[in-house]
Amino acid sequence: MATIYQATASAPVNIAVIKYWGKRDTKLILPTNSSLSVTLDQDHLRSTTTARADASFEQDQLWLNGKVDEIKAGGRLATCIAEMKRLRKETVEAKDPNAPKLSSYKVHIASYNNFPTAAGLASSASGFAALVASLAQLYNLTVSPSILSLIARQGSGSACRSLFGGFVAWQMGSDPSGNDSLAVEVAPREHWPQMQALICVVSDDKKGTSSTSGMQRTVETSALLQHRIKHVVPERMAAISKAILARDFDTFATITMADSNQFHAVALDTEPPIFYMNDVSRSIIALIVEYNRVSIAAGGGYKAAYTYDAGPNAVIYALEENLKEILQLVISYFPQRPSEFKDVLGLFSKNTTDI
Ligand code: PMV
């Protein structure tokens, strides 16, 4: 019987606390600044991908959530698949003459997201990370996650960070080839297990301005972006890495919220302006600001940090001890759920249903 070459891998989304926004090379997806994220580690918000190689397949083919998705020649998907085949050829087939020549077979790929696609919930991040991880397994590659991140990056920039769990930096690099623009681990998940993320799905509609076209417009028109790249992000990357290593939630929260604010300010500084947050998003910010103010006035510290990507949904980072209170607060101020909040998910939390 013929051998079946097939592998399945899954990857979670990551939510940036220092935002990536802007490309210096649109083909290789090289960013204009470094970024840092937390990979969400529960079963919600994952992409699961199965890849199969067979000599009888006539073309590479992708099914996304059960529907055929076009693999455009020269597009990002085609690039990732071609790069993975190249790695197979160079690191396996060239070294072992008996290794099956899988790099010459076409692949069929089926990918599922267990959450709404393109709703500002980083589906492209988990999607491309799962694609690369499933092909790495199919091809028996023994390369590091950082090497795989070089390829996932060319699918969707933020995807490079989903190849690691825990706290992850995407170092922008300086080489025009892109070979030093990769993801590295800042700290593993176990380093700070108390850190939790609460996702408030304000809307699961498809987002209005894609990150690709939004970034391009910002790079072309925003003076604030240039200031951010040169004078803000480098210091923030260093300071938040230090805060993570020291498990310093006050500093982590201050920087996370400031960076979300600046990303949305940069979107507004774009011509024409881009609005990703809506009135519900802004009300959640007001709620978190007041919640922290009361805690600090009583001699405590920050209890929660909001952050928003290219969409209206809030991600609230908090320590586990405060998560229940925050969820109750959010629910009491937004009683219209689920019409306003399609869903409220406690991620990272071991007993989400107990909250
Ligand atoms: O990787 P993309 O093209 O989906 O861009 C992601 C951009 C943000 O989510 C807004 C920020 C980030 O660093 O993830």
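Per the conditions (1) away from the ligand (no atom under 16 Å from the Cβ); (2) assigned to a loop (DSSP other than H, G, I, E, B), the sole criterion not satisfied by G155 is (1).
Against the criterion of being among the β-branched types (V, I, T) and within 21 Å of the chain's Cα centre (by Cα), T212 qualifies.
Checking each residue in the range 251-281 for being at pLDDT 95 or above, surrounded by fewer than 20 Cβ atoms within 10 Å (Cβ to Cβ) and either among the basic types (K, R) or assigned to a helix (DSSP H, G or I) (or both) picks out T251, T254, A258, N261, A265, L268.
Screening A129 against (1) among the aliphatic types (A, V, I, L, M); (2) crowded, with 21+ Cβ neighbours inside 10 Å; (3) over 25 Å from T212 (Cβ atoms) leaves a single unmet condition, (3). Remark: pairs (first residue in the range 142-164, modelled with pLDDT of 95 or more; second residue aromatic (F, W, Y) and not in a helix (DSSP H, G or I); Cβ separation under 7 Å; 6+ apart in sequence or on different chains) = P145/F164; G157/Y20; S158/Y20; C160/W170; R161/W170. Remark: pairs (first residue in the range 123-135, in contact (Cβ under 8 Å) with a residue 12 or more places away in the chain and farther than 13 Å from H108 by Cα; second residue near the ligand (Cβ under 10 Å from one of its atoms) and β-branched (V, I, T); Cβ separation under 6 Å; 6+ apart in sequence or on different chains) = A125/V13; S126/V13.
Condition test on L121, is it within 16 Å of the ligand (Cβ to nearest atom), at pLDDT below 95, of a type outside the set (D, E) and in contact with a strand residue (DSSP E or B) (Cβ under 9 Å, 6 or more places away or on another chain)? Show your work before the answer.
Values: within 16 Å of the ligand (Cβ to nearest atom): yes; at pLDDT below 95: yes; of a type outside the set (D, E): yes; in contact with a strand residue (DSSP E or B) (Cβ under 9 Å, 6 or more places away or on another chain): yes.
So L121 passes the test.
Please state which one of S177, S149, S156, S181 is under 30 Å from D279 (Cα atoms) and not hydrophobic (A, V, I, L, M, F, W, C).
Values: S177 fails: under 30 Å from D279 (Cα atoms); S149 fails: under 30 Å from D279 (Cα atoms); S181 fails: under 30 Å from D279 (Cα atoms).
Among S177, S149, S156, S181, only S156 is under 30 Å from D279 (Cα atoms) and not hydrophobic (A, V, I, L, M, F, W, C).
In the range 221-267, which residues are without any contact (Cβ under 8 Å) to a residue 24 or more places away in the chain and charged (D, E, K, R)?
Going residue by residue through the range 221-267, those that are without any contact (Cβ under 8 Å) to a residue 24 or more places away in the chain are 226-227, 230-231, 235, 238-239, 242-243, 246, 248, 251, 258, 261.
Selection gives K230, E235, K242, D248.
Scanning the range 222-244 for residues that are hydroxyl-bearing (S, T, Y) and part of a helix (DSSP H, G or I) returns a single hit, S241. H44 meets each of the listed conditions (1) of a type outside the set (K, R); (2) under 28 Å from Q216 (Cα atoms); (3) within 15 Å of the chain's Cα centre (by Cα) apart from (2).
Just one of (1) within 19 Å of I331 (Cα to Cα); (2) surrounded by 23 or more Cβ atoms within 10 Å (Cβ to Cβ) fails for Y291. It is (2). Listed conditions (1) away from the ligand (no atom under 13 Å from the Cβ); (2) part of a helix (DSSP H, G or I); (3) within 27 Å of N313 (Cα to Cα); (4) modelled with pLDDT of 95 or more are all met by E190, apart from (4).
Evaluation of G311 against the conditions (1) in contact with a Leu (Cβ under 9 Å, 6 or more places away or on another chain); (2) part of a loop (DSSP other than H, G, I, E, B); (3) at pLDDT 95 or above shows that the sole unmet condition is (3). When we screen S162, S149 for residues that are in a helix (DSSP H, G or I), within 14 Å of the ligand (Cβ to nearest atom) and farther than 25 Å from G208 by Cα, the only hit is S149. Report, by residue number, each residue of the range 173-187 that is surrounded by 23 or more Cβ atoms within 10 Å (Cβ to Cβ) and either within 26 Å of N313 (Cβ to Cβ) or of a type in the set (G, A, S) (or both). Hits for the range 173-187 are S181, A183.
The values are calculated or read from the model by the stated rules, or taken from the named source; none is laboratory data. Keep in mind that this is a model prediction, so the values were computed, not measured. Don't worry about glycine lacking a Cβ; one is built from the backbone with ideal geometry, like all the others, and counts go over all protein chains shown.
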